[in-house]
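Following: one structure in structure tokens, then a few remarks.
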Amino acid sequence: MQSNNDELIQMGNLLKKVRLSKMLTQEELAKLSNISQATIVKYENGLRSISKKSDKVLSEVLGVDSFIKHLDEKNWQILIDLKKYQCINNFSREELSKQLDIEISLLNKFLNKSRPLSKNAVQKITQLLTNDGKEILMDIKQDDGSFKLPIVDKIAMGGRIQEIRKNRGESLEKFGKNFTRPAGKNVVTRWEKGINIPDIERLMNVAYLGKVTVPYLLYGDTFSKMLKNGNKVSKFEKLDPFRMGLRLRKIRRDYRLEREDFGKFFSPPITKWSMDRYENGKDIPNTDRIIQYAYIGKVSLEFLIYGI
């Protein structure tokens, strides 16, 4: 409850600051807004939350955007985080309802945005999404039970690519000719030295040649099982941006979210404009985003990229 009290105090302080900047007394503001002076006193002292109706009136009278807009945005982000948590733990809404101790009918209204979050709901959701003060939303669980976020060690990745090439007994030039889009000697060299990361299509090719997974190439053994296993690629496939875009769109629609809201699932967030280009096959997400798409969508890279 402390956080809620702090927010009320912050809103009250802001209201008082704006009122004084307009050189108005509480009595004068009460007359202009048709809100009782006693209520304004409670608002400014952080004893009462400003209702949406009062916020609209006070904002118009004092010439500001809103006194509670940041709370609406914060609450929507809480719902986004809750949906991430539900996805990662593969909970049904009924299971999520039990975890939160919120009736399923009420939870559905919150998630469908047909009813604003109550203070009690915000508190329960925040407690669920917090583990000793540490957020666990997008952590990836491994076989040893640990939770970590993968970071690409480019030097180590380059070493794994080089090992695959040498095990095949191929020169840099010959190795680069194996791909659906051939890579020159200098390009392969930059991969092996950890200067650049191959695009997702070429990473799939390298994984096929080395009989390993893309997560293994990027992150090593620790995260080799972070994505769902897919069908084995029997031959090199060429990426079709349009068809892949349709699969990216389906992942988003399964969450029943608009592009702007779904983009907040990613780190860093994807803009509505970029997501529109991905879904319409006009652009291909970078490797990090492709990995996140597969993880969030609970699909294999083979399916996401090739549809198999």
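Structure notes:
- Among the residues of this structure, Ala183 does not count as one that is closer than 13 Å to Ile164 by Cβ, open to solvent by less than 30 Å² (accessible area, probe 1.4 Å) and free of Cβ contacts under 8 Å to residues at least 24 places away in the same chain.
- Qualifying residues in region 158-189 (those that are among the basic types (Lys, Arg) and assigned to a loop (DSSP other than H, G, I, E, B)) - the one modelled with the lowest pLDDT: Arg181
- Residue match in region 190-207 (condition: within 24 Å of Val299 (Cα to Cα), part of a helix (DSSP H, G or I), in contact with a Gly (Cβ under 7 Å, 6 or more places away or on another chain) and at pLDDT 85 or above): no
- Verdict on Lys166 being closer than 21 Å to Ile151 by Cβ and surrounded by fewer than 17 Cβ atoms within 10 Å (Cβ to Cβ): no
- Residues of region 204-221 that turn out to be more than 17 Å from Asn167 (Cα to Cα) and open to solvent by less than 60 Å² (accessible area, probe 1.4 Å), as a count: 6
- The residues of region 258-296 that are outside any helix (DSSP H, G or I), touching a residue at least 12 places away in the same chain (Cβ under 8 Å) and not acidic (Asp, Glu), listed by number, are Phe266, Ser267, Ile270, Asn280, Gly281, Lys282, Ile284, Pro285, Asn286.
- The combined condition, being surrounded by fewer than 17 Cβ atoms within 10 Å (Cβ to Cβ) and modelled with pLDDT of 85 or more, is not fulfilled by Phe236.
- If you go through region 113-138 and keep only what is closer than 27 Å to Ala294 by Cβ and modelled with pLDDT of 80 or more, you end up with just Ile125.
- Filter result for Glu258 (within 22 Å of Lys83 (Cβ to Cβ) and either buried (at least 19 other Cβ atoms within 10 Å of the Cβ) or out of contact with any helix residue (DSSP H, G or I) (no Cβ under 7 Å at 6 or more places or on another chain) (or both)): yes
The values are calculated or read from the model by the stated rules, or taken from the named source; none is laboratory data. This structure is a prediction, so every number in the text was calculated from the model and none was measured. Here Cβ is always computed from backbone atoms with ideal geometry, including for glycine, and neighbour counts include all displayed protein chains. When the accessible area is computed, the model is the full protein with side chains, heavy atoms only, and any ligands, DNA or RNA have been set aside. Shrake-Rupley method; radii C 1.70, N 1.55, O 1.52, S 1.80 Å.
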